[in-house]
Amino acid sequence: MDPPFPAPSSTPRTAADDRGFYRSPQRVAVLSFFAPVTYELWWLWQLFQFTGREQFPRTRAFWWLLVPFYNFYVIYQQLDDLKKALESHTSSIRFSSAGVTWLLIVATVIINASNRLSGPAELLVFAVGGVLLAVAALLVQQAANSYQELRYPGRPPQGMSAGEWIATGIGVAFLLLVILGSFQPV
C-alpha cells in the first residue's frame, strides 16, 4: 500500500545550501517595526532554525521562547553562539550578544508598559519599543549575514519568503489595531 503522502524527493537542505536566514538587515528592521509581534516571532523562529542548521553548541528549540524570563536567556545563548562563531572566523564585525539581549528586554518592557497608557502617549511608547526591537533585529541580522558571508561566500540574500509575507501581513494588521485602539474612548 502506498503512503498517503509522497515521500520527499529531495534530500534535506544543508547549512551550506540553505539561504533561509540570509536576508536584508534593513528589511528585517523595517518589518520588525511595522509588523510587530508576528514578524518578530517569525524572525526569531528563523534565527533558531539557523542556529540549529549551523549546529551552534547551545542550540535550543524555538518553543523555549514560551517560558517567561528564561526565554531571554535562551535568546542570549543563541546570540552568544553567533558572536563566538563570528570571532572564530576572524570577522571584522563587532557584535554584543548581551547588548542585543538587553535591547530586546527593554523593548519588551516598554511595549508592555504602553498597554497601561492611552491615546498618543500609548502610540509613542509603543513606537519607542518598536524602534528598539528594530535596532536589535538589524544588529542580529547584520551579524548573521556577516557570519554566513564568511562561511559560505558568494551567495545572494534571499527575497521575501511566503512565511515572511504572511507574518508581515498579520503584523501590519496588528499594528493598525493598536493604532485604532489607542484612540478609542476609555
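The values are calculated or read from the model by the stated rules, or taken from the named source; none is laboratory data. From a predicted model like this one, the values you see are computed outputs, not experimental measurements. With ideal geometry, Cβ positions are generated from the backbone for all residues, glycine too; neighbour counts draw on all protein chains shown. Accessible surface is based on the protein model in full, side chains and every heavy atom, while ligands, DNA and RNA are left aside. Shrake-Rupley method; radii C 1.70, N 1.55, O 1.52, S 1.80 Å.
Take the Cα pairs of the chain, get the Kirkwood Rh, then feed it into Stokes-Einstein at 25 °C and 0.890 mPa s and tell me D in µm²/s.
Numbers: Rh = 17.7 Å.
Roughly 138 µm²/s, to the nearest whole number.
Taking only Cα atoms, what is the 0 to 90° angle, nearest 10, from helix 97-114's long axis to the longest principal axis of the chain? Result, in degrees: 30.
Relative to the dominant Cα principal axis of the chain, helix 119-151 is inclined by about 10°. The angle between the Cα long axis of helix 25-34 and the longest principal axis of the Cα atoms of the chain comes to about 30 degrees, rounded to the nearest 10.
Computed with a 1.4 Å probe over protein heavy atoms only, the accessible surface of the chain comes to 57 Å² per residue.
By accessible area, using a 1.4 Å probe on protein heavy atoms only, the chain has 68% of its surface on carbon and sulfur. The distance separating the Cα centre of the range 34-84 from that of the range 92-106 comes to 13 Å. A simple packing score, the average count of other Cβ atoms within 10 Å per residue, orders the peptides 109-120, 149-160 as 109-120, 149-160, with the highest score first. In terms of the mean number of neighbouring beta-carbon atoms within 10 Å, the peptides 75-83, 93-101 order highest first as 75-83, 93-101. Other residues with beta-carbon under 14 Å from the beta-carbon of W165 carry, at +1 per Lys or Arg and -1 per Asp or Glu, a net charge of +1.
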